[in-house]
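The block underneath contains the structure these notes are about, expressed in structure tokens.
The values are calculated or read from the model by the stated rules, or taken from the named source; none is laboratory data. This is a predicted model, so every value here is computed, not measured. Cβ atoms come from the backbone with ideal geometry, glycine included; neighbour counts cover every protein chain shown. Note: areas computed on protein heavy atoms with side chains; ligands, DNA, RNA excluded. Shrake-Rupley method; radii C 1.70, N 1.55, O 1.52, S 1.80 Å.
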Amino acid sequence: AQSVSQHNHHVILSEAASLELGCNYSYGGTVNLFWYVQYPGQHLQLLLKYFSGDPLVKGIKGFEAEFIKSKFSFNLRKPSVQWSDTAEYFCAVNANTGRRALTFGSGTRLQVQP
Amino acid sequence: ETGVTQTPRHLVMGMTNKKSLKCEQHLGHNAMYWYKQSAKKPLELMFVYSLEERVENNSVPSRFSPECPNSSHLFLHLHTLQPEDSALYLCASSQVGTGVGETQYFGPGTRLLVL
């Protein structure tokens, strides 16, 4: 069975600081990888996704993530965070086997202080 | 209305009540999902419907009963729930069978409190 680990449960940053949120998954086969964001009071929104090709993917609002297959990682980055980035971030994996369910990490709560 | 909608947004029910959660997707997708988001736990898949057939039931207790009458609508019927069933219930949809990875789009959720 696949699993997803997000090591940072709560991150507090000042505006303009750089962000990196860790995500590791366990599955030996081909995977599809996602980062979702949940802003306070809002629903889960797709931030970015990786299916194949260039392992560095760019998403909305200046976020990017890098898939490193050898490390089973898909870390999320942003060079300069804003107060509006305060939200909960979820990494998710879908094994490319036909089972369609997403397996989610436990989430990282990001708090950006002005 | 666009995207995935869910009603009601908030629900309080007693353990002997029967209620239903409704989800509607306006994206033309052919697969729908129920997830449960509990405090301090990762989102957990409950059910998957693909082309209106249930293709996955993730060991969910029988007090939760899904229904998918067509590709746009998904229900979750609730009866004799327990307080530990209090959670945010999320609906999602995706387009399957395209040959590439599928993206799931989520609704706002129904926050359920069982007393």
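Does A:Ser106 satisfy the condition of being within 10 Å of chain B (Cβ to nearest Cβ), part of a loop (DSSP other than H, G, I, E, B) and either of a type in the set (S, T, N, Q) or under 27 Å from B:Val48 (Cα atoms) (or both)?
Details: within 10 Å of chain B (Cβ to nearest Cβ): yes; part of a loop (DSSP other than H, G, I, E, B): yes; either of a type in the set (S, T, N, Q) or under 27 Å from B:Val48 (Cα atoms) (or both): yes.
Yes.
Please go through the range A:67-88 and pick out each residue that is within 27 Å of A:Pro40 (Cβ to Cβ) and either touching a Cys at 6+ places or on another chain (Cβ under 6 Å) or open to solvent by 30 Å² or more (accessible area, probe 1.4 Å) (or both). Write out each step before concluding.
Taking the range A:67-88 as the starting set, the residues that turn out to be within 27 Å of A:Pro40 (Cβ to Cβ) are A:74-88.
The answer is A:Phe74, A:Asn75, A:Arg77, A:Pro79, A:Ser80, A:Gln82, A:Trp83, A:Ser84, A:Thr86, A:Glu88.
The sole residue among B:Leu78, B:Leu90, B:Leu74, B:Leu45 that is more than 30 Å from A:Thr30 (Cβ to Cβ), modelled with pLDDT of 90 or more and among the aliphatic types (A, V, I, L, M) is B:Leu78. Contact annotation: residue pairs with Cβ atoms under 6 Å, 6 or more positions apart or on different chains, pairing a residue in the range A:26-37 that is more than 9 Å from chain B (Cβ to nearest Cβ) with a partner that is not in a strand (DSSP E or B), are A:Tyr27/A:Gln2; A:Thr30/A:Asn96. Residues in the range A:65-103 that are over 30 Å from B:Trp34 (Cβ atoms) and either among the hydrophobic types (A, V, I, L, M, F, W, C) or at the interface with chain B (Cβ under 10 Å from one of its Cβ atoms) (or both): 3 in all.
Scanning the range A:1-37 for residues that are in contact with a Gly (Cβ under 8 Å, 6 or more places away or on another chain) and part of a strand (DSSP E or B), we see that the one that is surrounded by the fewest Cβ atoms within 10 Å (Cβ to Cβ) is A:Ser5. Answer yes if at least one residue in the range B:33-48 is in contact with a strand residue (DSSP E or B) (Cβ under 7 Å, 6 or more places away or on another chain), farther than 30 Å from A:His10 by Cβ and among the polar types (S, T, N, Q), and no otherwise. No, because not a single residue in the range B:33-48 is in contact with a strand residue (DSSP E or B) (Cβ under 7 Å, 6 or more places away or on another chain), farther than 30 Å from A:His10 by Cβ and among the polar types (S, T, N, Q).
Does B:Ser94 fit the bill of being among the hydroxyl-bearing types (Ser, Thr, Tyr), surrounded by fewer than 21 Cβ atoms within 10 Å (Cβ to Cβ) and in contact (Cβ under 8 Å) with a residue 12 or more places away in the chain? Answer is no for this residue.
Looking across the range A:45-59, the residues that are within 12 Å of the chain's Cα centre (by Cα) and within 14 Å of chain B (Cβ to nearest Cβ) come down to A:Gln45, A:Leu46, A:Leu47, A:Leu48, A:Lys49, A:Tyr50, A:Val57, A:Gly59. Which of the residues spanning the range B:13-39 are facing chain A (nearest Cβ under 8 Å) and on the phi > 0 side of the Ramachandran plot? Answer for the range B:13-39, where residues must be facing chain A (nearest Cβ under 8 Å) and on the phi > 0 side of the Ramachandran plot: there is none. Looking at the range B:9-37, which of the residues that are part of a loop (DSSP other than H, G, I, E, B) and small (Gly, Ala, Ser) is nearest to B:Tyr105 (Cα to Cα)? By that ranking, first place goes to B:Gly28. Restricting attention to the range B:43-78, the residues that are surrounded by fewer than 19 Cβ atoms within 10 Å (Cβ to Cβ), within 10 Å of chain A (Cβ to nearest Cβ) and part of a loop (DSSP other than H, G, I, E, B) total 1.
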